[in-house]
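Worksheet: one structure, shown below.
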Amino acid sequence: MKKTDYTTLPITEKDISKQIGRSIKSPIRINNLHNLGIDQTAFLHKFSPLFEELSWDEYDPRRLRVAFLTKVFPKQKAAIHQHFKAYYTGQTKWSVFKKWTSQLSPTQQKKLKTIQPWRRRSVAKFHLQQTQKGFSLQRIPVPQFAQAVDDTDVRSWPRVFQEAPASHVENNLFHQFLLQIFRQVQSVESTIEKAHITAHFMSVKATSDTPGDNSPEGAHEDGAAYIVSALVINRFNVSGGETQILEKRRGGKKEIILRRILQPGEFAFQADTGEEKVFGNDLWHHVTPFHKTDKKKGDGWRDIIGLDVVIKM
């Protein structure tokens, strides 16, 4: 599919259907905060500086360090992977791999040390329910997070992330955003009256040597009924980072049906898991790596808020 510059927002599954010449019925909304009735300028002003406060995500480098060892010692992959899940989930320390790290050359040791976190993140979860007076919104704890994906996928393993500070999520602007996304869900499934919404704050770095990558697993589903794959807050000193929505066709082939580089204030909302049984199209999503543009400036950053909307609780 050729990249298309839609002139106005929102972009819906109906617009995409016209563009690609076949029917897409599963819900898609590419939109911005302003069109939701939210003060976009105020929202970006409040949230833009908050991402520097987030903790580093240690899970990505754990996965890459083990991948590095298996590449150096391919014949011992099975033995190395016996320790992978426990190390990845924080149950054991890196020293469990001493048998292999002690055999690395100085050059390999140096390369291994370069595998450091490149993503900051936090999480917050809410119960949202329609009432006779409107809506109720209650924050609930997230002791650990796991996605409803295949158990061979590391995202199905329990991870513990920093809980978002109250100042980040317990305010009128953020509550408006959650409510408006819930209304997007209700616009396609009018009988839904309650949901759990998990918010993910993510800040991804690009350096001169390494592009930023928020989807190292490639095109994927998140395991929720609906998602906001990204509400972009900041794009600093970067190019790329293209949001892609794909459809998994018969035979398993995934075809890109929409491409767009989201700008601050824009978001991508779509049905995510099980939607092929409800609406007829199996949607997936991806964001391409992005690159630092000006070497004279600091690192490049792409900061987003993602949402997982779970209906069956």
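The values are calculated or read from the model by the stated rules, or taken from the named source; none is laboratory data. Since this is a predicted model, take the numbers as computed values, not measurements. Glycine gets a Cβ as well: all are built from the backbone with ideal geometry, and neighbour counts include every protein chain shown.
Rundown of residues vs (1) modelled with pLDDT of 95 or more; (2) surrounded by 15 or more Cβ atoms within 10 Å (Cβ to Cβ); (3) outside any loop (DSSP other than H, G, I, E, B), yes/no style:
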| position | (1), (2), (3) |
| --- | --- |
| VAL96 | yes, yes, yes |
| TRP100 | yes, yes, yes |
| GLN103 | yes, no, no |
| ARG121 | yes, yes, yes |
| PRO143 | no, no, no |
| ASP150 | no, no, no |
| PHE177 | yes, yes, yes |
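Restricting the search to segment 256-281, which residues are surrounded by fewer than 16 Cβ atoms within 10 Å (Cβ to Cβ) and polar (S, T, N, Q)?
Selection gives GLN263 alone.
What are the residues in segment 16-52 that are buried (at least 18 other Cβ atoms within 10 Å of the Cβ) and in a helix (DSSP H, G or I), if any?
ILE16, LEU36, PHE43, PHE47, LEU50, PHE51
In the list LYS113, LYS75, which residue meets the criterion of being among the charged types (D, E, K, R) and within 27 Å of the chain's Cα centre (by Cα)?
LYS113
Okay, residues lined up against (1) among the basic types (Lys, Arg); (2) part of a strand (DSSP E or B):
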{"position": "GLY252", "(1), (2)": "no, no"}
{"position": "ILE256", "(1), (2)": "no, yes"}
{"position": "LEU283", "(1), (2)": "no, yes"}
{"position": "LYS297", "(1), (2)": "yes, no"}
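I'd like the full set of residues that are buried (at least 20 other Cβ atoms within 10 Å of the Cβ), in contact with a Phe, Trp or Tyr (Cβ under 9 Å, 6 or more places away or on another chain) and either among the polar types (S, T, N, Q) or farther than 18 Å from PRO289 by Cα (or both), limited to segment 202-232.
Across segment 202-232, the qualifying residues are SER203, ASN214, TYR226, ILE227, VAL228, SER229.
Looking at SER239, SER229, which is the one that is modelled with pLDDT of 95 or more, assigned to a strand (DSSP E or B) and within 30 Å of LYS111 (Cβ to Cβ)?
SER239
Return the pair list, or none, for Cβ contacts closer than 6 Å from residues in segment 89-110 that are farther than 14 Å from PHE73 by Cβ and assigned by TED's automatic domain parsing to the domain that holds ALA67 to residues that are of a type in the set (Gly, Ala, Ser) and outside any loop (DSSP other than H, G, I, E, B), at least 6 apart or on different chains.
From residues that are farther than 14 Å from PHE73 by Cβ and assigned by TED's automatic domain parsing to the domain that holds ALA67, the pairs are THR92/ALA86.
Restricting to segment 210-226, what's the tally of residues that are outside any loop (DSSP other than H, G, I, E, B) and of a type in the set (Gly, Ala, Ser)?
Final tally of qualifying residues: 1.
Could we say that THR7 is part of a loop (DSSP other than H, G, I, E, B), among the hydroxyl-bearing types (Ser, Thr, Tyr) and surrounded by fewer than 15 Cβ atoms within 10 Å (Cβ to Cβ) here?
It is true that THR7 is part of a loop (DSSP other than H, G, I, E, B), among the hydroxyl-bearing types (Ser, Thr, Tyr) and surrounded by fewer than 15 Cβ atoms within 10 Å (Cβ to Cβ).
Considering only segment 266-308, how many residues are more than 13 Å from the chain's Cα centre (by Cα) and of a type in the set (A, V, I, L, M)?
Qualifying residue count for the region: 3.
Only one of TRP284, TRP301 is buried (at least 20 other Cβ atoms within 10 Å of the Cβ) and under 27 Å from SER208 (Cβ atoms). Can you tell me which?
After ruling out the rest, the residue left standing is TRP301.
Among the residues of segment 160-173, are any in a loop (DSSP other than H, G, I, E, B), surrounded by fewer than 17 Cβ atoms within 10 Å (Cβ to Cβ) and either touching a Cys at 6+ places or on another chain (Cβ under 9 Å) or at pLDDT below 95 (or both)?
yes
Those residues that are under 23 Å from PRO61 (Cβ atoms), surrounded by fewer than 22 Cβ atoms within 10 Å (Cβ to Cβ) and touching a Pro at 6+ places or on another chain (Cβ under 9 Å), I need them from segment 233-243; list them, please.
Across segment 233-243, the qualifying residues are ASN234, GLY240.
Could you count how many residues in segment 171-201 are of a type in the set (Asp, Glu) and more than 18 Å from GLN138 (Cβ to Cβ)?
So the count comes out to 1.
Give me the pairs: first residue in segment 223-241 and at positive phi, second residue modelled with pLDDT of 95 or more and among the acidic types (Asp, Glu), beta-carbon distance under 7 Å, and six or more apart or on different chains, which are they?
Close Cβ pairs satisfying both conditions: ASN237/ASP294.
Take the conditions closer than 26 Å to LYS14 by Cα and not hydroxyl-bearing (Ser, Thr, Tyr) and apply them to GLY306. Does it pass?
In short, yes.
If you scan segment 244-255, which residues turn out to be crowded, with 17+ Cβ neighbours inside 10 Å and touching a residue at least 60 places away in the same chain (Cβ under 8 Å)?
ILE245, GLU247
Which of (1) touching a Ser or Thr at 6+ places or on another chain (Cβ under 9 Å); (2) modelled with pLDDT under 95; (3) within 18 Å of THR273 (Cα to Cα) is the odd one out, the single condition ASP209 does not satisfy?
(3)
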